[in-house]
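Notes for the one structure printed next.
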Protein chains: 2
Amino acid sequence: MTDTIYTSSIPVFKQMLGGLAAILAKAEAHAAEKNIEPTALTQARLFPDMFPLRRQVQIACDFARGVSARLAGAEVPKYDDDEQTFAELRDLIARTLGFIDGLTPAQFAGSAQREIVTRPGTPKERRFDGQSYLLSYGLPQFFFHVTTAYALLRHNGIEIGKRDYMGQY
Amino acid sequence: MTDTIYTSSIPVFKQMLGGLAAILAKAEAHAAEKNIEPTALTQARLFPDMFPLRRQVQIACDFARGVSARLAGAEVPKYDDDEQTFAELRDLIARTLGFIDGLTPAQFAGSAQREIVTRPGTPKERRFDGQSYLLSYGLPQFFFHVTTAYALLRHNGIEIGKRDYMGQY
């Protein structure tokens with residue numbers, strides 16, 4: 001039987017990142033069709049001190065990679081987070097999917113009990129076992145940024161629906 | 001060992017509904033302090049054809065109850081969804097927490113393999129096992145509405161942060 005932590009993380013990230021890519025593709029097409037400057041969307045925010053769309057996508061990808069890597073006991077890859085355009089954000093999602101696809105179920109063996117420390121050495125340091133790290137920290141963070149990206153585009157009039165957000169399942 | 005589906009669902013719903021209750025409390029206090037008509041927030045939307053705040057909270061609670069009940073093999077409780085005020089939404093969250101708290105880990109035994117059918121008898125009918133129902137359907141739907149409620153209040157200037165959304169974990 002495949003490890004439960006593997007099946008509770010990798011397929012979820014893949015499903016939702018696929019949905020996010022589809023949402024961004026619709027936003028890009030909308031901008032082209034309506035002669036909207038694409039940065040009006042990639043830099044859009046729901047409030048001045050919130051992150052813009054491009055950063056929401058970057059952070060969602062960052063959680064997908066970081067949570068997967070930590071659960072797999074693999075090194076967390078460093079990305080530059082310098083994406084600005086829709087094409088670059090699409091490529092970021094593709095590279096993120098490539099990374100998590102490269103992790104094998106075998107790497108997750110015993111990961112439910114693996115100790116994971118977030119922000120080590122800082123006052124915000126927290127220790128989790130793998131299961132609580134995924135469910136009480138990783139997934140809530142990941143879904144937060146995916147949904148905020150969706151909400152931000154929806155607020156800007158992009159014709160997307162919850163079905164797009166949900167991806168293929 | 002407690003069933004994995006229990007520990008992957010009930011504590012997550014409790015954590016996030018606790019966060020949602022705290023966010024709504026801050027919004028209510030903000031409205032009182034600034035002399036804002038509370039319905040300006042409870043009826044606020046991010047776009048005209050999106051659901052308002054009150055409905056986002058109702059749907060989040062609905063998924064928390066429905067997903068938990070189906071996984072536990074319990075009857076899905078029927079609620080009226082007639083909440084309008086912050087006090088009524090707060091009470092809804094409390095009743096939802098009460099319902100899911102009443103489900104026992106023993107009811108979740110074998111739930112990873114339990115067949116769950118959504119929208120039975122309709123063209124949208126889908127069959128899941130319990131694990132994929134929770135992870136590829138239930139949690140993405142639940143997080144969608146909790147995060148949208150947050151985004152909506154954030155967009156309206158309520159001083160909340162991701163820490164509030166994350167709840168106690």
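The values are calculated or read from the model by the stated rules, or taken from the named source; none is laboratory data. All figures in this text were calculated on a predicted structure; none of them were measured in a lab. A quick note on method: Cβ atoms are made from the backbone with ideal geometry, for glycine too, and the neighbour counts reach across all protein chains shown. Ligands, DNA and RNA are stripped out before the accessible areas are found, and what is left, the full protein with its side chains, is counted by its heavy atoms. Shrake-Rupley method; radii C 1.70, N 1.55, O 1.52, S 1.80 Å.
Yes or no: residue B:130 away from every other protein chain (no Cβ under 14 Å), surrounded by 15 or more Cβ atoms within 10 Å (Cβ to Cβ), under 16 Å from residue B:3 (Cβ atoms) and not aliphatic (A, V, I, L, M)? No. Among the residues of the stretch B:31-87, count how many are touching a residue at least 60 places away in the same chain (Cβ under 8 Å) and in contact with a Gly (Cβ under 6 Å, 6 or more places away or on another chain). Selection size over the stretch B:31-87: 2. When residues in the stretch A:52-80 are screened for being open to solvent by 40 Å² or more (accessible area, probe 1.4 Å) and assigned to a loop (DSSP other than H, G, I, E, B), 6 of them pass.
Residues of the stretch A:89-110 that are surrounded by fewer than 19 Cβ atoms within 10 Å (Cβ to Cβ) and among the β-branched types (Val, Ile, Thr): A:104 alone. For the stretch B:134-167, give me each residue that is part of a loop (DSSP other than H, G, I, E, B) and within 12 Å of residue A:140 (Cβ to Cβ). Within the stretch B:134-167, B:167 is the sole residue that qualifies.
For (1) within 21 Å of residue B:51 (Cβ to Cβ); (2) without any contact (Cβ under 8 Å) to a residue 40 or more places away in the chain, each residue gets a yes or a no:
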site: B:103; (1), (2): no, no
site: B:112; (1), (2): no, no
site: B:115; (1), (2): no, yes
site: B:129; (1), (2): no, yes
site: B:136; (1), (2): no, yes
site: B:146; (1), (2): yes, no
site: B:153; (1), (2): yes, no
site: B:159; (1), (2): no, no
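Of the numbered criteria (1) at pLDDT 95 or above; (2) within 26 Å of residue B:129 (Cα to Cα); (3) touching a Phe, Trp or Tyr at 6+ places or on another chain (Cβ under 9 Å), the one residue A:28 fails is (2). Scanning the stretch B:112-134 for residues that are among the acidic types (Asp, Glu) and more than 13 Å from residue B:71 (Cβ to Cβ) yields a total of 1.
Here the condition is being β-branched (Val, Ile, Thr) and closer than 22 Å to residue B:140 by Cα; of A:116, A:59, it holds for A:59 alone.
Residue B:84 meets the conditions (1) under 18 Å from the mean Cα position of the chain (by Cα); (2) farther than 17 Å from residue B:154 by Cα; (3) polar (S, T, N, Q); (4) open to solvent by less than 60 Å² (accessible area, probe 1.4 Å) in every case but one. The failed one is (4).
Scanning the stretch A:52-80 for residues that are in contact with a Lys or Arg (Cβ under 7 Å, 6 or more places away or on another chain) and of a type outside the set (A, V, I, L, M) returns A:52, A:73, A:77. Which residues, counting only those in the stretch B:85-94, are in contact with a Pro (Cβ under 9 Å, 6 or more places away or on another chain) and either part of a loop (DSSP other than H, G, I, E, B) or of a type in the set (Lys, Arg) (or both)? B:85, the sole residue that qualifies. Scanning the stretch B:95-110 for residues that are over 17 Å from the mean Cα position of the chain (by Cα) and in a loop (DSSP other than H, G, I, E, B) gives B:104, B:109, B:110. Among the criteria (1) in contact with a helix residue (DSSP H, G or I) (Cβ under 7 Å, 6 or more places away or on another chain); (2) free of Cβ contacts under 8 Å to residues at least 40 places away in the same chain, the one residue B:123 does not fulfil is (1). Taken residue by residue, the stretch B:111-125 has no member that is in a helix (DSSP H, G or I) and either open to solvent by less than 10 Å² (accessible area, probe 1.4 Å) or within 14 Å of another protein chain (Cβ to nearest Cβ) (or both). Of the residues that sit in the stretch A:144-166 and are more than 8 Å from chain B (Cβ to nearest Cβ) and among the small types (Gly, Ala, Ser), which one is nearest to the chain's Cα centre (by Cα)? Among those residues, the one meeting the criterion is A:149. Do you know which of the residues in the stretch A:1-52 that are under 13 Å from residue A:164 (Cβ atoms) and more than 20 Å from the chain's Cα centre (by Cα) is nearest to the other protein chains (Cβ to nearest Cβ)? Ranking the qualifying residues of the stretch A:1-52, first place goes to A:30.
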